[in-house]
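Peer 1: Just dropping this structure here.
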Amino acid sequence: MSKTAFPPAIKSRPVYGVLEPRPGAVHLVVADGEGAGAVTDMLAKAADRAGMLAAMHIIYTPGPNGTDQTAMLAALGAKQCYRAPTIPTLLPRLTRVLSDAHMGTQFYLAGTEGLIGQAERDIMATGFPHHDIQKEHRGSTVRRVQCVHCKGITENVATDPFVCSHCGLSLFVRDHYSRRIAAFQGVNIDAEDPGQVPPPVVRFT
Amino acid sequence: MSGGAKLKVRVAEVVNVNDMIKRFRFVSLDGSPMPAFSGGAHTVVEMDDDGVRRLNPYSLMSDPEDRSAYEISVRRDDAGRGGSLFMHRHVTPGLQMEISYPVNLFPLDTRARKHLMIAGGIGITPFLAQIAQLTHFGGRFELHYAARSQALGAYMDRLTAAHPAQVHCYFDDQGQVIDLARVLSMQPIGTHLYVCGPKGMIAWVLSTATSLGWPEKALHHEEFLAPGTGMPFQVDLAATGKTITVGTNQSLLEAMEAAGVDAPYLCRGGACGQCETNVIACDGAILHRDHWLTADEHAAGRKIMPCVSRFEGKSLTIDR
Amino acid sequence: MSLDFNLGAFNDYFRNETFRDDFTYANSPAGIRRFPFPFDRDDYMYSVNMEPHVPGRKGSVFEHAFDVDEHYVSEMIDRAKVLASDPLRCQSLPHMTLAGWDLLELIMEAKARDYPQWFTLTKDGNRWHWINRPLGIDHHFTFLDDSTLPYGPFEYITRQTQGDFTLQDERDNDLWMDAGMVTSQADWSLDFDIGMSFMEWHAPVPLAHEKGIFDRALKFLLKLQHGAPVRRFNWTMTVNPLLDTAPETYPVWGPTKTSLTPENLGQKQHLRVELQALFRLPRSNAIAFSIRCYLGRFEELVTIPKWGRRLHRVIRDINPDVAAYKGFLRNRDAMVAWLAGYDDGAPTSPGFWPED
C-alpha cells in the first residue's frame, strides 16, 4: 500500500503501491518532488543495486511544492540522470525515450499524481499495459483536474471548489479519474442555482 | 440453453494433413453464410459417440472473413478419452453435426504495437486465423513455430510462403530450439506475446518472459485441458435431488448431462468459468484441474468446475 | 459523399418535434401504450436484471432488435445538432474501427430485415448498397473499407440509429469502453470516460458496488456470446423532454431543475427510461451496448392507471442516495405530491405491461 494515506474513494480513483525492484534490461524512472525518496527506498531493496543502477535512466523534476532532490538522485550514479525544470519540459524527453524502447523495460513512477498520471498516459500510448507500470505516490496531493464543460485542465488544484483556469466556472472536484486524460473531473457547482458557490476549502495540500 | 447458441452444420471435407492431424471443414446446413468471428476463437463440437455425448473445443483456423465455412484441425490423441479418435475415425463428409457459436478466450490485444506469437505443434491453429485477420486489417506480427519434425509441421508451407519475413520454423528432431531470450529482447515497447502449445512450452515461455521483465498483462496463452480420466466417484446434486456416478472416462459435467441435468457450460476446458458450481458439502478432496478459479478458491473448496475437475473421498454435494 | 438528410418520406408516421428550445416532443396515444415502463413491482433497487434480447410482444419496444419508433427522424436531427456543436460526443479509439464495422453490419441487417418498408440493404460481396428512406439516404460503399463512407463506420451507422452506443473491447477479463456515440446520456461524459474499465466507468454509481451488482454483471457480460444478445432497463428523471442531459452542458440545462411548480410538473417532468441491449460482435470480439432512451411525460404515464399508482409508490419509497445519484432528490417531494393524486391505494398487478 502507498505511504500516502488517501481517504476511501470510488473505484475509478487511482491507488498507488510501493516501488519494488523487478527484473529488466532497462529501468526507466520518472519522478518528481518527494518521489526521489521512493526511488532510493526501492534501490535499497535491490539484490543487485549496482547492476540496476547501471541500467537505470532517471528523469526528474521538482515537485509542485518546490521540493527538489536532484542532488540526491544525481549522487546515486545511475547510467543517466536528467533534471527537467517542470513536468511539461520533462514529457518530451520521456516520449523520445519511449520511441525506441524495447520490451524488458521496467517503469517506475514516483511523486505527485499529476506527474505519475501524465507519465503513465504516455507509456500506455505505446500499447504497454498500464497495470504493469509501478506507481508510488509521495509528496503533495494537489490534483490535476479537467473541466468537464470546456475540457480545460487546471494543474495543482488545492481547493474544492475552485475556478477553472480556462472558462472561469466554479467547479467541484470529483474522485472520478480518467487515465487517458490523466486528470480528475471537475463539475460546475452552481449549475442548478447560478451564483450560489460555497466558499473554497483546502482539500489537497 | 446451456452452451449458448448453436450452429447446425454439415461436414464438407476431411483432409489428412499429416500422420497425426486431420482438417475438418464445416458448412451451414441451410446454406447461409457462417457468422464471421475473431482470430483466436474456438467452437465446441458436439459428437454422438455411440450414445456417449462428447463436446470438445477446437480453435477455428480458417480465415475469419471466409463466411463459406469454418475449418478446424484435430490432432489424434490415442491415449485420450476418445473425442479426437471419434473425429478421426467417424467424422466423414456429409455428416450433420452441431457446433457452438464461436467463443474467443484467446483474443489479440488490438492496441498492441506488435504481436509476437509462439506456437508448438497443433497450437498453431488459433494463430492461423489471427494472422489472416491481421493480414486483412493491418497489424505487425512475428511467429515462431516449433514442431517435432518437418513432416508434422502442419501449415508451415503456407505460412512461410505467405509471410516469409515474419514466420520462423523450428524442428525438434533437428535439435532446433527457439532462441527465446534473444527473440524477447528484440521486441519494441508495446508488443504483446501469445503462446499456444504443449503445457511445458507455455510454462517455459511465460517464465522466461517474466524473468526478462515482460509485464504480466502483455502475456497471453491458451491451453485447453482435456477433462482427463480418474477413479469413478459419486456426487449428490442438491438442486435436482439426484445422485450420480461419474465414470472413469467421463467428466462430472458429462455425467450430469447424461442424468438429464441442464448445467451451464461454454468451453468445457476449464478456462471460461461458465460451469462454476458451488460446493455445498465435501468430505474428501476436490481434484481441481481448471484455470478459472484462483489458488485461494481451490484451497477453500467451496467451488468446483465440473467440466474438468474430479473428486476423491466419501461424499460431495454440489448446487445443481 | 455526405450524410445530409433528405427528409420528407413517411411524414404521416414520423413526428416532427423538438427536444430543445420549444420542446414539442410528445408521445401519441399509441406511443404511450408501448412506453417501456420500467417498474414491474411497487418498489425499486438496483439489480442485474438481465434477460435475453429476443423478439418480444408484437408492437412493443421489444419486438425488434433495434426499435424504430415515431420519434426516429426527430431524434436523428437532434443528434446531428449535438454533434455539430460538440464533435467530442462521438469518439472511437483507433483500435475500435473493426468493432464499428461489426456494429454497422448488425444494425443494417436488423433494420433491413425488421423494417423493409424503411430500410434496404443489398450486398454483392463486400459492395453494399444501403437505403434509409426516412432520412433520405442512398449510399453505395465497400464493407470494411473506411474510405468509402463519409464518417467512420461507427459514427455513420449511429447517426442513423436511435439511442446512445458504446463499444467495449474485451481484454484481461475486463471490458474497456473504447468507443461511444453519446448524445442522449443521463449525465455522464463520454470524453472523460472513454478508455475506462467496466468498474471505473460505473464507479460513481452509489450502493450497487457494495451489493456486488457490477461484479456479477461483468462476469455475466464476459460470457456474452455472439448470437445471444441480452437486455436490461435503467431509468432516471429529466425535466423537459431533453435528450441531451450531458455534463458538458450542465450549466445550460441544470437550472431547469428549479423550474418545476405543482402546476407545471405533470407537463414538464419526464420519466427517462433506458432500454439497454448488449450484443457480442463477431470480428472484433467487442461488446456493443445500445442505450436507448424513451421519455414519458408524467401526464402521459398516468393515463395508464396502473402506472400512475406504481410510479407514485416507487418514487415515494426510493432510497435517497439513489434519488441523489439519479439527480432528482431536490424534486422528489414535489413529484410524490403530484403523483399522489393518481394513487387510490388499489393493488397493482405484477409486471410492467399496462393492462395485465
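The values are calculated or read from the model by the stated rules, or taken from the named source; none is laboratory data. Since this is a predicted model, take the numbers as computed values, not measurements. Backbone-built Cβ (ideal geometry, glycine too); neighbour counts: all protein chains shown.
Peer 1: Restricting to the range C:87-109, what's the tally of residues that are more than 12 Å from every other protein chain (Cβ to nearest Cβ) and among the polar types (S, T, N, Q)?
Peer 2: Qualifying residue count, the range C:87-109: 1.
Peer 1: Of everything in the range B:183-199 that's surrounded by 22 or more Cβ atoms within 10 Å (Cβ to Cβ) and aliphatic (A, V, I, L, M), which residue is nearest to the other protein chains (Cβ to nearest Cβ)?
Peer 2: Within the range B:183-199, the match that is nearest to the other protein chains (Cβ to nearest Cβ) is B:ILE189.
Peer 1: Can we say B:LEU212 is within 30 Å of A:PRO129 (Cα to Cα), surrounded by fewer than 19 Cβ atoms within 10 Å (Cβ to Cβ), over 14 Å from the mean Cα position of the chain (by Cα) and not assigned by TED's automatic domain parsing to the domain that holds B:ASP78?
Peer 2: Yes: the conditions hold for B:LEU212.
Peer 1: Right, here's the next one. Looking at the range C:33-52, is at least one residue under 30 Å from C:GLY195 (Cβ atoms) and of a type in the set (Asp, Glu)?
Peer 2: Checked the range C:33-52: at least one residue is under 30 Å from C:GLY195 (Cβ atoms) and of a type in the set (Asp, Glu).
Peer 1: Let me ask something else. Sort out which residues of the range C:193-218 are of a type in the set (A, V, I, L, M, F, W, C), at the interface with chain A (Cβ under 7 Å from one of its Cβ atoms) and in contact (Cβ under 8 Å) with a residue 40 or more places away in the chain, and write them in order of number.
Peer 2: C:ILE194, the sole residue that qualifies.
Peer 1: Here is a follow-up. If A:GLU192 satisfies every condition in (1) assigned to a strand (DSSP E or B); (2) surrounded by fewer than 18 Cβ atoms within 10 Å (Cβ to Cβ); (3) of a type in the set (D, E, K, R) but one, which is the exception?
Peer 2: Only one criterion is unmet by A:GLU192, namely (1).
Peer 1: Also, I was wondering about something else. Specify the residue that is farthest from C:THR24 (Cα to Cα); the eligible residues are those in the range C:236-295 that are within 14 Å of another protein chain (Cβ to nearest Cβ), without any contact (Cβ under 8 Å) to a residue 60 or more places away in the chain and touching a Ser or Thr at 6+ places or on another chain (Cβ under 8 Å).
Peer 2: Among those residues, the one meeting the criterion is C:TRP253.
Peer 1: Additional query: Pick out the one residue from B:ALA255, B:ALA285, B:ALA203 that is touching a strand residue (DSSP E or B) at 6+ places or on another chain (Cβ under 8 Å), part of a helix (DSSP H, G or I) and of a type in the set (Gly, Ala, Ser).
Peer 2: B:ALA255
Peer 1: Can you tell me which residues in the range C:219-232 are surrounded by fewer than 17 Cβ atoms within 10 Å (Cβ to Cβ), at pLDDT 85 or above and either more than 14 Å from chain B (Cβ to nearest Cβ) or part of a helix (DSSP H, G or I) (or both)?
Peer 2: none
Peer 1: So, one more: Can you find a residue in the range C:58-76 that is over 16 Å from the mean Cα position of the chain (by Cα), within 14 Å of chain B (Cβ to nearest Cβ) and surrounded by fewer than 18 Cβ atoms within 10 Å (Cβ to Cβ)?
Peer 2: No, the conditions are met nowhere in the range C:58-76.
Peer 1: Now, a different point. Before we move on, is B:MET61 assigned to a loop (DSSP other than H, G, I, E, B), more than 14 Å from chain C (Cβ to nearest Cβ) and either of a type outside the set (Lys, Arg) or touching a residue at least 24 places away in the same chain (Cβ under 8 Å) (or both)? Working first, answer last.
Peer 2: On the way: assigned to a loop (DSSP other than H, G, I, E, B): yes; more than 14 Å from chain C (Cβ to nearest Cβ): yes; either of a type outside the set (Lys, Arg) or touching a residue at least 24 places away in the same chain (Cβ under 8 Å) (or both): yes.
Yes; evaluated as a whole, the condition is true for this residue.
Peer 1: Which ranges mark the helices (runs of 4 or more DSSP H) fully within the range C:112-209 that have 2 or more residues being within 22 Å of C:ALA65 (Cα to Cα)? Even if it seems obvious, please write down each step before you answer.
Peer 2: On the way: elements: C:153-158, C:190-193, C:198-201.
Answer list for the range C:112-209: C:153-158.
Peer 1: Which count do you get for residues in the range A:75-102 that are in a loop (DSSP other than H, G, I, E, B) and touching a residue at least 40 places away in the same chain (Cβ under 8 Å)?
Peer 2: The total comes to 2.
Peer 1: Just to confirm my filter: which helices (runs of 4 or more DSSP H) fall fully inside the range C:281-356 and include at least 2 residues that are among the acidic types (Asp, Glu)?
Peer 2: In the range C:281-356, C:298-301 are the helices (runs of 4 or more DSSP H) which contain 2 or more residues that are among the acidic types (Asp, Glu).
Peer 1: Follow-up. Just checking, does the range B:157-172 include any residue being in contact (Cβ under 8 Å) with a residue 60 or more places away in the chain and of a type in the set (A, V, I, L, M)? Walk me through it before giving the result.
Peer 2: Residues of the range B:157-172 that are in contact (Cβ under 8 Å) with a residue 60 or more places away in the chain, as a first pass: none.
No: the range B:157-172 contains no residue that is in contact (Cβ under 8 Å) with a residue 60 or more places away in the chain and of a type in the set (A, V, I, L, M).
Peer 1: Let me ask something additional. Sort out which residues of the range A:9-28 are surrounded by 20 or more Cβ atoms within 10 Å (Cβ to Cβ) and not in a loop (DSSP other than H, G, I, E, B), and write them in order of number.
Peer 2: A:HIS27, A:LEU28
Peer 1: So B:GLY121 passes all but one of these: (1) within 14 Å of chain C (Cβ to nearest Cβ); (2) on the phi > 0 side of the Ramachandran plot. Which condition number does it fail?
Peer 2: Result: B:GLY121 passes all but (1).
Peer 1: Tell me yes or no: at least one residue of the range A:103-117 is aliphatic (A, V, I, L, M), surrounded by 21 or more Cβ atoms within 10 Å (Cβ to Cβ), out of contact with any Leu (no Cβ under 6 Å at 6 or more places or on another chain) and not in a strand (DSSP E or B).
Peer 2: yes
Peer 1: Within the range B:132-152, how many residues turn out to be surrounded by 23 or more Cβ atoms within 10 Å (Cβ to Cβ) and either away from chain C (no Cβ under 11 Å) or of a type in the set (D, E, K, R) (or both)?
Peer 2: The total comes to 2.
Peer 1: Which residue pairs have Cβ atoms closer than 6 Å, lie 6 or more positions apart in sequence or on different chains, and pair a first residue in the range B:97-123 that is within 26 Å of B:ASP172 (Cα to Cα) and part of a loop (DSSP other than H, G, I, E, B) with a second residue that is modelled with pLDDT of 95 or more and of a type in the set (Lys, Arg)?
Peer 2: Between residues of the range B:97-123 that are within 26 Å of B:ASP172 (Cα to Cα) and part of a loop (DSSP other than H, G, I, E, B) and residues that are modelled with pLDDT of 95 or more and of a type in the set (Lys, Arg), there is no close pair.
Peer 1: Considering only the range B:67-106, state which residues are closer than 19 Å to B:MET34 by Cβ and within 14 Å of another protein chain (Cβ to nearest Cβ).
Peer 2: B:ARG67, B:SER68, B:TYR70, B:GLU98, B:ILE99, B:SER100, B:TYR101, B:PRO102, B:VAL103, B:ASN104
Peer 1: Given the conditions (1) without any contact (Cβ under 8 Å) to a residue 60 or more places away in the chain; (2) out of contact with any Ser or Thr (no Cβ under 8 Å at 6 or more places or on another chain), which single one is not true for A:VAL29?
Peer 2: Condition (1) is where A:VAL29 drops out.
Peer 1: Scan the range A:121-179 residue by residue and report those that are within 14 Å of chain B (Cβ to nearest Cβ), assigned to a strand (DSSP E or B) and surrounded by fewer than 17 Cβ atoms within 10 Å (Cβ to Cβ).
Peer 2: none
Peer 1: In this structure, does A:GLY104 turn out to be within 14 Å of chain B (Cβ to nearest Cβ) and of a type outside the set (Asp, Glu)?
Peer 2: Judged against the criteria, A:GLY104 is a match.
Peer 1: Could you list, in sequence order, all residues of the range B:200-215 that are closer than 13 Å to A:ALA101 by Cβ and more than 7 Å from every other protein chain (Cβ to nearest Cβ)?
Peer 2: If the condition is that a residue be closer than 13 Å to A:ALA101 by Cβ and more than 7 Å from every other protein chain (Cβ to nearest Cβ), then no residue fits.
Peer 1: Oh, and also: Take the conditions within 23 Å of B:CYS307 (Cβ to Cβ), at pLDDT below 95 and among the basic types (Lys, Arg) and apply them to B:ARG111. Does it pass?
Peer 2: Taking the combined requirement at face value, the residue does not satisfy it.
Peer 1: Something else: Which ones in the range B:37-59 are over 13 Å from B:SER100 (Cα atoms) and at pLDDT 95 or above?
Peer 2: Listed by number, the residues that qualify are B:SER38, B:GLY39, B:GLY40.
Peer 1: May I pose another question? Does B:THR43 satisfy being in contact with a His (Cβ under 7 Å, 6 or more places away or on another chain), among the polar types (S, T, N, Q) and surrounded by 18 or more Cβ atoms within 10 Å (Cβ to Cβ)?
Peer 2: Here the answer is no, as B:THR43 does not meet what is asked.
Peer 1: Return yes when C:VAL252 is surrounded by fewer than 21 Cβ atoms within 10 Å (Cβ to Cβ), outside any helix (DSSP H, G or I) and aliphatic (A, V, I, L, M) and no when it is not.
Peer 2: Spelling it out, it is not the case that C:VAL252 is surrounded by fewer than 21 Cβ atoms within 10 Å (Cβ to Cβ), outside any helix (DSSP H, G or I) and aliphatic (A, V, I, L, M).
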